[in-house]
Amino acid sequence: PNPFNPSTKISFYLDKSEKISMEIYNLNGKLVDVLIDNKFFSAGMHDVVYKPKGLSSGNYYYSLKTEGQVLVRKLTYIK
């Protein structure tokens, strides 16, 4: 759900098996958290549960990077 508190589930689908990275950024583009760091995932549907630690309420972006593309989506966190 968006907005979320205390956690949210980020779902994504991969057409093929590949390494991915998923990171959280603030509105200024500063990296604030790393959820997945260049980890191999099989093809198919996947879920990642994000529980922010030490973040203030506000808007953030998550970036899902695969070998062929970058997907960016907005998150709104409310404490």
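Return a yes/no flag: does the stretch 31-42 have any residue that is within 19 Å of residue 3 (Cα to Cα), surrounded by fewer than 12 Cβ atoms within 10 Å (Cβ to Cβ) and within 9 Å of the chain's Cα centre (by Cα). Within the stretch 31-42, none of the residues are within 19 Å of residue 3 (Cα to Cα), surrounded by fewer than 12 Cβ atoms within 10 Å (Cβ to Cβ) and within 9 Å of the chain's Cα centre (by Cα).
Does residue 21 count as open to solvent by less than 50 Å² (accessible area, probe 1.4 Å), in contact (Cβ under 8 Å) with a residue 40 or more places away in the chain and more than 20 Å from residue 3 (Cβ to Cβ)? So residue 21 fits the description; yes. Those residues that are assigned to a strand (DSSP E or B) and within 18 Å of residue 79 (Cβ to Cβ), I need them from the stretch 1-12; list them, please. Once the filter is applied, which keeps residues that are assigned to a strand (DSSP E or B) and within 18 Å of residue 79 (Cβ to Cβ), the stretch 1-12 yields 4, 8. A search for C-beta distances below 8 Å between a residue of the stretch 33-57 that is in contact (Cβ under 8 Å) with a residue 24 or more places away in the chain and any residue that is of a type in the set (Asp, Glu) and open to solvent by 80 Å² or more (accessible area, probe 1.4 Å), counting only pairs 6+ apart in sequence or on different chains, returns 43/15.
Within the stretch 53-79, restricting attention to residues that are among the charged types (D, E, K, R) and in a strand (DSSP E or B), which residue is nearest to residue 3 (Cα to Cα)? Only one residue tops the list, namely 74. Filter the stretch 43-79 down to the residues that are among the aliphatic types (A, V, I, L, M), over 13 Å from the mean Cα position of the chain (by Cα), under 28 Å from residue 16 (Cα atoms) and surrounded by 10 or more Cβ atoms within 10 Å (Cβ to Cβ) and list them by number. Across the stretch 43-79, the qualifying residue is only 43.
The values are calculated or read from the model by the stated rules, or taken from the named source; none is laboratory data. Computed from a prediction, not measured in an experiment: that's the story for all the values here. Reconstructed Cβ throughout: ideal geometry from the backbone, glycine too, with neighbour counts over all protein chains shown. Areas reflect the complete protein model, heavy atoms only, side chains present, ligands, DNA and RNA absent. Shrake-Rupley method; radii C 1.70, N 1.55, O 1.52, S 1.80 Å.
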